[in-house]
Amino acid sequence: FSVIAVDGGFPPRTGTIEISIIILDVNDNAPIFTQERYIGKVLENMPEGSVVLTVLATDQDAGVNGDISYQLSQAVGQSNSAFVIDPITGEIKLTKPLDFEAAETHELSVRARDGGGLSAICKVLVEVVDVNDNAPELLVSSFSSPLPENTVPGTVVALFTVRDRDSGANGKISCALEDQLFFSLRPAYKNYYELVTVSALDREETAQYILTVTAADAGSPPLTTTQTFTVDISDVNDNAPVFNQTSYTMYVRENNVPTVFVGAVSAADADVGLNAKVTYSLAPVQAAERPPCSCISVNSENGHVFVLRPLDYEQLRQSEVTVSASDAGSPPLRANVTLRLVVVDENDNAPVVLYPAQDSSPASSELVPVSAEAGYLISKVVAVDADSGQNSWLSYHLLRASEPGLFTVGVQSGEVRLRRPVTERDSVKQKLVVLVRDNGKPPLSATAALSALLLKDFSDVRLPHSSPATEDEGDSLTTYLIISLVCVSVLFLISTALFVARKVCRRKELKAGHVLYGADNLQSGLADAAAAGTLPRAYCYEISLTTGSGNSEFRFLKPILPSLPPQHCAVGQGPDEEQDFPCVPVSTEDMAPENPGTLSAGQFN
């Protein structure tokens, strides 16, 4: 309920508050049975586990206080071992078969107790009923299953007969079918019955029918027998494939890799087997329609959609095709659906500066009076981006400037303005580079170069206006001259170093020309000559080259002699220790030229 407070002012003002009172439950109600006395009848041949009856008690309390459990109480002088009660549902079941001749009735006490401890008791009286001993018998003569779903009504499904070994009323049998919507029983001859169809069948609605036929006699109480017929329905191709969506929209980013997977279409067929096998294809285009993009392909088995080649958002933004799904039935049935492929833009286009023009020709300079105040509009950079969305959002930033503190650039507008007034220390010519950047990931950018002339009077604009091109040409020429001079200097230094190194190496070779040939080369030959008696044994000769001679002037030539058996001489050894050497005839006159210590090549030969 609501409480309203009203003050005494004029006009009166009020305040309202809502009050909710929740009543909590206490266990103040005991369980109450729906009947004070329950009476049940049970056949004496009922099997173990049969439900005799069900007791029910209610409790008005809530929660745990309202949860009821049941239990049996033994009556005086009787045993309840033949019964058991379900503590939750209250069902009383048999634990063993009853015998009418032993006891006609059984009296039980059932206690119902709630979660709070309160309880109630009721009486249960179970009467045992005598029955006949023979149940009817049902014998099946023929049975047809499965049935095609296009079976006409009146088709015989099964033929069976019934009989009962009892006599009189206990031997009279009646048959009944529980479900008579699609099937019915029809008497054929004496105790024969036919199970026939009465309406059209649909496998997609019901693929299998479980029919229960009950045969009962007229005994007191009657005995019954049930027979179950399981009728399977075979499929007929009467259902076309159905897509799980009325239309499909798939997305692919531009500049995609070839044969990229973008999605899948799916169709289901209510039939089974080959009638339910679905294959996918692109439906042919009518002659009057616009041909679709040839870049889309559909997998015939699973419906996966692929884009066969890279796409460009700036050339193709979306394309529509018709996908067809057909089954493998005879004849095949098919269904169509529209597939729309949307190309998503990528940041693959850098901004393009429209103004100022960034061609090779020198750009015109913006004229700025030196008397301009802060915020003076100098120029405006205009750029466009071929992309869309946030990829085409452009921002402008001052990248470089002759006087960075003199200019400012509008981030969104691209307007170049003065940040502060012009002073005498600022040069007449100012150069600026504005960076134009888009909002893509990663961002792409372009630069725009501007120049501004700070003039006192616009009448002298010709002189500074023509200077930028001349200065640029002078700067380029100076750069080329410096590069050429450096290259020539480096080549000269390298050549000089190589020349000096070669001279030093030749001088070292000439100094190393005085070699004493003692024990290795020459002395072995001279020793042979001394052994022959032409030279004294004690002589040792030193061979040196003159200063101006080269290596080619001193050669050891092989003698041109006929092949003769070698002569042997003994050098430096006794008669018992002779070593064999080929004898070389050398005269002392040839070995002693006019310049002692110098031996020419011809004299040595």
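Summary of values
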| quantity | calculated |
| --- | --- |
| For Arg420, distant residues with modelled amide H under 5 Å away | Gly375 |
| Residues whose placed amide H lies under 5 Å from that of Asn132, excluding near-sequence neighbours | Ser220 |
| Solvent-accessible surface (1.4 angstrom probe) belonging to Arg163, in square angstrom, nearest 10 | 130 |
| Accessible-area ranking of Thr246, Thr322, largest first, probe 1.4 Å | Thr246, Thr322 |
| Potential lengthening between Thr226 and Val156 on full extension [0.36 nm per residue; Cα-Cα distance subtracted] | 23.3 nm |
| For Val353, net neighbour charge (Lys/Arg +1, Asp/Glu -1) across residues whose Cβ lies under 14 Å away | -1 |
| Heavy-atom accessible area ranking, 1.4 Å probe, most first, across Arg425, Arg253 | Arg425, Arg253 |
| Fully extended contour minus Cα-Cα distance, from Val198 to Thr16, at 0.36 nm per residue | 58.6 nm |
| Heavy atoms of Lys96: accessible area, 1.4 Å probe, square angstrom to 10 | 100 |
| Added length on full extension, which subtracts the Cα-Cα distance from 0.36 nm per residue, Ile23 to Ala270 | 83.4 nm |
| Qualifying lysines (Cα of each under 24 Å from Cα of Lys41; at least 8 residues distant if same chain) | Lys93, Lys96, Lys123, Lys172 |
| Surface accessible to a 1.4 Å probe, Val422 within the full protein complex, Å² | 20 |
| Phi-based couplings in Hz for the range 46-52 (Karplus 6.51, -1.76, 1.60; Gly and Pro marked x) | 5, x, 4, x, 6, 7, 7 |
| Diffusion constant of the range 137-234 at 25 °C, which comes from Stokes-Einstein with the Kirkwood Cα-pair radius and 0.890 mPa s, µm²/s | 174 |
| Net charge over other residues, Cβ less than 13 angstrom from the Cβ of Leu377 (K, R count +1; D, E count -1) | 0 |
| List Tyr251, Tyr70, Tyr193, ordered by accessible area with a 1.4 Å probe, largest first | Tyr251, Tyr193, Tyr70 |
| Summed residue charge, Cβ within 12 Å of Ala276's Cβ, Lys/Arg positive, Asp/Glu negative | -4 |
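The values are calculated or read from the model by the stated rules, or taken from the named source; none is laboratory data. Owing to the predicted nature of the structure, the values given are computational and were not obtained by experimental measurement. Cβ: placed from backbone, ideal geometry, glycine included. Neighbour counts: every protein chain shown. These area figures cover heavy atoms from the full protein model, side chains too; ligands, DNA and RNA do not enter into them. Shrake-Rupley method; radii C 1.70, N 1.55, O 1.52, S 1.80 Å.
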